[in-house]
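Notes follow the structure.
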Amino acid sequence: MLLTFRRTTAPLRPSRLLSTQPTTISPPPTTVSPPHPLTKPQLKTLILSHYNNGKFSNLLQNVVASPSVLLTAAHNLTHENQPTINSISTNFFNISQMSDDLINNTFKIESCVIKLTNKGTPSSLNVPNLNLKVLIESIRIVLEVVYDDRFATFSYGGRVGMGRATAIRYLKNVENPTWWFNVSFRNKEFGVENVNKLCLVIKEKVSDDMLIDVIRRLFDLKIILVEFAGCYLGRGFPNECGLCAILINVYLNVFDQKLQELRLLVNEESRKARLENENDGDGGNVVYKPLKIYAVRYLDEILVITSGSKGLTVKLKNLVVPFLEKNLALEVNKGVTAVHSAVSEEIRFLGMDVRAVTPSVLRSPMSEKAIRARKKYLRQKEVRLQELKNRRETNRKKLAMKIFDHVYKKLKTSNGFKFNFQIEKEVKVIFETWGRETVDEFMGSTEERAALYRKLSGGDFLSLKRIREQLPLDLVESYDKFQENVDKYLNPMKARKEMEERKRKLEDEEEKKYAERTVKDLTKLCIKVDAPDRLVRQAIRLARFTNDMGRPRPIGALMVLEDADIIKWHAGVGKRWLDYFCCCHNFKIVKTVVNYHMRFSCILTLAEKHESTKREAIKHYTKDLRVFDVDGNEELYFPSEREIKMMGDKNLVDPKPVDGALTMLLTRLATDENLYRCGAHFCQRFDTIVYRIRLLQKDLNLDCEKSWVSGMGVIPDVFDRKCVPLCSDHVSQMYLGALTLQDVDFSSLLDV
């Protein structure tokens, strides 16, 4: 066999053969994986890797400018259909280019600012475009990781799980408040001095001049507007930047630390006084109330509570107010910042009325009507139990008769039982269960036991000695044993003593609980939080839900909308009210407002739109306001009456007030051209409809200072009559209040 070798490759070069140097093989080109959004632990690990000598360094270039962090910020700005880096770079802006500009310090913030103006209004507003919003959100999430663990425990707002509802729950747990005061600031924007102090506070933990310079430029360009004592912070208004909440917490953290030191000092003195009181030997006769200081701060709203004397509270106020004015350069309204009695005076905090009351006020006794209803329910329950017992006994008798009839037939037709399977055990278990239940029921009735005991123990002739001597010994012993069992099981005296003992224990426990409740009412105070029902009714009258007599009426401005949009708008306002005031003691008033006034206002609006009566509208939409989509599927947006009744203090979210949903209306333009992309953040849909923004204060020609509801925010006038394209999903969320103007790309606003 011949083996032939063929040259299948090109001949080697002589230089390669004669070379004595080792050959170097170039590595294959590495493919860089695209960035992906970071989870919170990954982001925290990335930020902590730049922590050294007690400070964070180079956060802007190494963390904020990272494409992964920018993509995470973009995800935070969206609600649905999370965008990828390819879709963002293709349709909106280039994340990689933006990252390089931030690293090289060539990112031009001025070119990302949009100046909104409106005809007829001299005011203007600077707002960020989409890529500047991403940068702001990226800075916010980085500062949140840096500072969140360093904030005080009583600092609420702009933090995860530390919202309005959590602050109110903390207030409800405060015991024995006697005096309090809320710090009221004058309506003034952050000035140059405040910005400089803020930058100094940030420099204490962050050593990054570029990051601080970006924050300072955002203040200079009026992108970040921090106005103390304003009515827009934490409400989703478009003039509020995403950085406002975290920067306010950072700025006021110095005040929080000072107040925390005062609290610890007072608590230590109170502990020493309590120990001295216990050592004197009068601790059992004297009710000792320790001196404590409580504080709750939600962004720029501060409430300080003490359980001591008025002199202690005044002294604390005289320490707090100068500290805010000198160290933080804030103007405190001293005429409003006054010490009030927690028992006799209400105080306004977070838009709610707060007052100290006794526990019996929070858990008031049942009314006569409720007592009668309770007794009626118990009687009905007893009747149902008796009917169930009679039905069970009837079924037992029928089943027993069937069993005995079957046994009798088998015995009559055959010599014994012949089954393929054994049923004796099952029958035995059934009869044992019935017998045990019957005996338990009989033993539980002292009257039946007493009657049978009298019959069996009466006429005890065998107790006579002459008769016992004449009878057999076995009979006498059997009779004595029988009498012992009768005395043991049927004597009602023991059962009566047990029942009396049980009844006495229940009475003692009830008396003890009553004594404890009485002592608590005399020695303990709790905080009651009420919704301002007068302002709520004033707001629904302002929005034309009710007439001057307080009756529901149709809203004419909503008749240009579709039926589903009218219901969604009412549902968005109502749900926001329910979520915001669900932690209040008088939540029933808000339920009535939503369940009656707003529901029937929606029904009357639909009836007037279709030129029908209220009865016909209720018959068509039902009281639950059901509508059908194009496919015939039933949709329910407005909360049903049952859902409203079941609502209460259950959630820990940070609900936004109703201002943004109540004061704005979107009306559809008469055009079907799909020329614009959806204005929501990073939405790529082109099947949009153009909607015009209409503001309540402009439609009603109201003077916001005189006719407006106290404490209610106002959307800036520059947004009035602006147009925004929205897809069907996002316009539905806008009507329901899940989306606000803060979630809209301002560069998509149109002047039509």
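The values are calculated or read from the model by the stated rules, or taken from the named source; none is laboratory data. Note that the coordinates shown come from a computational prediction; the quantities given were computed from them, not determined experimentally. Cβ atoms come from the backbone with ideal geometry, glycine included; neighbour counts cover every protein chain shown. Surface areas here come from the heavy atoms of the whole protein model, side chains and all, with no ligands, DNA or RNA. Shrake-Rupley method; radii C 1.70, N 1.55, O 1.52, S 1.80 Å.
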Worksheet item: How big is the C-alpha Rg of segment 595-689 next to the rule-of-thumb value 2.2 N^0.38 Å, as a ratio?
Response: 1.40
Worksheet item: Given (i) 491; (ii) 321; (iii) 265, which label gives volume of the Cα convex hull per residue in Å³ as computed from the coordinates?
Response: (i)
Worksheet item: Just the accessible area for M646, please: 1.4 Å probe, Å², rounded to the nearest 10?
Response: 120 Å²
Worksheet item: Of K376/K645; K197/K258; K172/K520; K528/K591; K568/K623; K272/K512, which pairs sit farther than 24 Å apart, going by alpha carbon to alpha carbon?
Response: K272/K512
Practice prompt. Round to the nearest 0.05 the FRET efficiency obtained for V752 and K481 when R0 = 60 Å and r is the Cβ-Cβ distance.
Written response: 0.05
Discussion item. Give the lysines reachable from K428 as a straight Cα distance under 22 Å; neighbours fewer than 8 places away on the same chain don't count.
Written reply: K389, K397, K398, K402, K409, K410, K412, K418
Fill in: Relative contact order, percent, the chain [alpha-carbon distance under 8 Å, six or more residues apart]
15 percent
Worksheet item: How much of R396 can a 1.4 Å solvent probe reach, expressed as accessible area in Å² and rounded to 10?
Response: 40 Å²
Practice prompt. Provide the FRET efficiency to the nearest 0.05 for the A557-E382 pair, computing r from the beta carbons and using R0 = 51 Å.
Written response: 0.35
Item to complete: Work from the charge dipole of the chain (Cβ charges, +1 for Lys and Arg, -1 for Asp and Glu, about the Cα centre) and give the residue of I246, N395, S341 farthest towards its positive end.
Response: N395
Discussion item. I'd like the distance separating the alpha-carbon centroids of segment 688-740 and segment 220-274, in whole Å.
Written reply: 29 Å
Worksheet entry | segment 64-138-segment 501-576 distance, computed between alpha-carbon centres (Å) | 42 Å
Discussion item. Heavy atoms only, 1.4 Å probe, whole protein assembly: order Y251, Y408, Y596 by accessible area, highest first.
Written reply: Y408, Y596, Y251
Practice prompt. Kindly rank 340-347, 88-95 from highest to lowest mean number of other beta carbons found within 10 Å of each residue.
Written response: 88-95, 340-347
Item to complete: Report the local net charge at R685: Lys and Arg +1, Asp and Glu -1, summed over other residues whose C-beta lies under 12 Å from its C-beta.
Response: -2
Worksheet item: Using mean Cβ contacts within 10 Å as the protection proxy, how do 561-569, 294-302 order, highest first?
Response: 294-302, 561-569
Fill in: Over the chain: helical MRE at 222 nm, DSSP H runs n ≥ 4 each giving -39500 (n - 2.57), nearest 500
-15000 deg cm²/dmol
Worksheet item: For the peptides 660-667, 398-405, 691-698, what is the packing order when you average, over each peptide's residues, the other Cβ atoms within 10 Å and list the highest mean first?
Response: 660-667, 691-698, 398-405
Worksheet entry | With all protein chains modelled, accessible area of D729 [1.4 Å, Å²] | 70 Å²
Worksheet item: If you take the beta carbon distance between T667 and V192 as r and set R0 to 51 Å, what does 1/(1 + (r/R0)^6) give as a FRET efficiency, to the nearest 0.05?
Response: 0.75
Practice prompt. Can you quote the Å³ per residue value for the convex hull of the Cα atoms in segment 545-609, rounded to an integer?
Written response: 76 Å³
Practice prompt. Quick one: compute the contact order of segment 54-206, relative version, from alpha carbon pairs under 8 angstrom and 6+ residues apart, as a percent.
Written response: 25 percent
Discussion item. Could you tell me the relative contact order of segment 617-752? Use alpha-carbon pairs under 8 Å, at least six residues apart, and round to a whole percent.
Written reply: 23 percent
